[in-house]
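Some notes on the structure that comes next.
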Amino acid sequence: MSWTEPTARDRRRLLTRTESVTIIGASANPSRPSFFVASYLLSSSRYRVHFVNPRLDSLLGQPVYASLADVPDVDLVSVFRKHDDLPGVAEEVIEAGARTLWMQLGLWHEPVAEKATEAGLDVVMNRCVKIEHARFAGGLHLAGFDTGVISSKRADFS
């Protein structure tokens with residue numbers, strides 16, 4: 001294993017600089033994690049949120065793009081696809097000029113991470129962008145998780 005996971009500080013920096021989040025594998029099924037993440041990001045973040053799924057036209061009132069190449073501005077790409085699809089997805093993410101490739105919980109693919117890193121992207125694997133955003137914003141309690149934050153004030157992070 002040669003790939004090194006970004007620290008919590010690094011992940012916070014990535015999320016702070018991010019302008020838009022594109023969810024590849026967005027689902028209209030409310031029981032799917034990608035739907036929950038999409039709902040959260042639209043309601044609780046400052047990000048422009050885009051969706052990619054060739055089988056949908058719209059999701060949560062937003063247009064859904066057939067491919068990543070159709071998305072107008074690509075910054076952080078959050079991937080909800082199966083492991084075997086990750087090399088192809090990484091190629092698309094690199095071609096799109098994204099700054100961050102973010103693979104959701106359960107996704108770990110070191111060759112993909114190394115390729116994306118060599119192309120200049122920051123890479124996060126096996127982490128949920130919603131959980132990390134809420135964690136740094138002090139809002140995990142909204143989803144029923146303990147933040148460990150001992151304060152009545154939210155962090156200056158949106």
Whenever you get a sec, line up T4, T100 from highest to lowest accessible area (probe 1.4 Å, protein heavy atoms). T4, T100
Simple Cβ-charge dipole of region 25-114, Lys/Arg +1 and Asp/Glu -1, about Cα centre, in debye nearest 20: 460 debye
Sorted by accessible surface (1.4 Å probe, heavy atoms of the protein chains only), largest first, D57, D75, D70 come out as D57, D70, D75
Span per principal axis, largest first, for the Cα atoms of the chain (Å): 44, 40, 25
Can you give me the distance in nm between label points at A8 and I131, each placed 7 Å from the Cα along the Cα-to-Cβ direction? 1.4 nm
Would you please give the FRET efficiency between D84 and R46, computed as 1/(1 + (r/R0)^6) with r the Cβ-Cβ distance and R0 = 41 Å, to the nearest 0.05? 0.75
For region 69-114, give the percent of accessible area contributed by carbon and sulfur heavy atoms, probe 1.4 Å, rounded to a whole number. 52 percent
Positive end of the dipole of region 1-149, charges at C-beta (+1 Lys, Arg; -1 Asp, Glu), about the Cα centre: which of V129, T117, W102 has its Cα farthest in that direction? V129
Kindly report the accessible area of region 1-115 per residue (heavy atoms of protein chains, probe 1.4 Å, no ligands, DNA or RNA), in Å². 50 Å²
Counting DSSP beta bridges with both ends in the chain, the antiparallel % (nearest 5): 10 percent
Ranked order, Y40, Y65 - accessible area, probe 1.4 Å, largest first: Y65, Y40
In the P(r) worked out for region 35-99, what percent of Cα pairs fall beyond 16 Å? 48 percent
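The values are calculated or read from the model by the stated rules, or taken from the named source; none is laboratory data. All of these numbers come straight from a predicted model, not from anything done at the bench. We place every Cβ from the backbone using ideal geometry, glycine too, and count neighbours over all the protein chains shown. We work out accessible area using only protein heavy atoms, side chains counted, and drop any ligands, DNA or RNA first. Shrake-Rupley method; radii C 1.70, N 1.55, O 1.52, S 1.80 Å.
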